[in-house]
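First comes the structure, then the notes that go with it.
Each reported figure results from applying straightforward, stated rules to the coordinates on display, with no laboratory input. Everything numeric in this text was worked out from a predicted model, so none of it was measured. No Cβ is skipped: glycine too gets one built from the backbone with ideal geometry, and neighbour counts run over all protein chains shown.
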Amino acid sequence: MKINTKIRYGLRAMIEIAKHTSENGVLQKDIAINQSISLKYLDPILNSLKVANLIHKKSHKEGYILKKPATEITIFEIHNAFEPGIRILDCLDLHNDCNIEAKCDVKGFWCELNTMIADKFKSVTLYDLVQKN
């Protein structure tokens, strides 16, 4: 399993937004500078986070703020803003037709591992990560 750049940068952007508790939020250019992410690359990342209802802006002049408290936003939710669900292997996808599924001796192991990873993502909040910094 490899976490793609959009997920990693999305998580970094969310941490940056969570750290700024001002009513005016944090500007996109400041997120880009503080997290060393290009403005051009950050734009679709922030858009995905908005579509997922994790962040918003009150106006064009103000910065981004969280839609709900950092204690209520899980890493799983942030991940899902970019990729639906967690699948460590393609064969675990519900829509994948595996021709050896019936005789696969390791599918149970992969399913358990996938569940453990998803549960970890669900148990860690944005607040937890902000507190560690």
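Within region 1-103, list the GluC sites (Glu not before Pro) lying in a DSSP loop whose Cβ has at most 11 other Cβ atoms in a 10 Å radius. Don't skip to the answer; put the middle values down first.
Numbers: sites: 16, 23, 62, 72, 77, 101; in loops: 23, 62.
Sites meeting the loop and neighbour criteria: 23.
So which of 29/120; 19/50; 2/61; 19/58 end up more than 29 Å apart, counting from Cα to Cα?
Numbers: 29/120 31 Å; 19/50 18 Å; 2/61 36 Å; 19/58 18 Å.
Cα-Cα > 29 Å for 29/120; 2/61; rest within.
Based on DSSP H runs of at least 4 residues, each adding -39500 (n - 2.57), what is the mean residue ellipticity at 222 nm of the chain after dividing by all its residues, to the nearest 500 deg cm²/dmol? It would help to have the intermediate numbers written out before the result.
Numbers: 6 runs with 66 residues, N = 133.
The per-residue figure over the chain is -15000 deg cm²/dmol.
What is the pair-distance distribution P(r) of the chain, computed from all Cα-Cα distances in 5 Å bins starting at 0, with each bin given as a whole percent?
Here the calculated profile for the chain is 2, 10, 19, 20, 16, 11, 8, 6, 5, 2, 1, 0.
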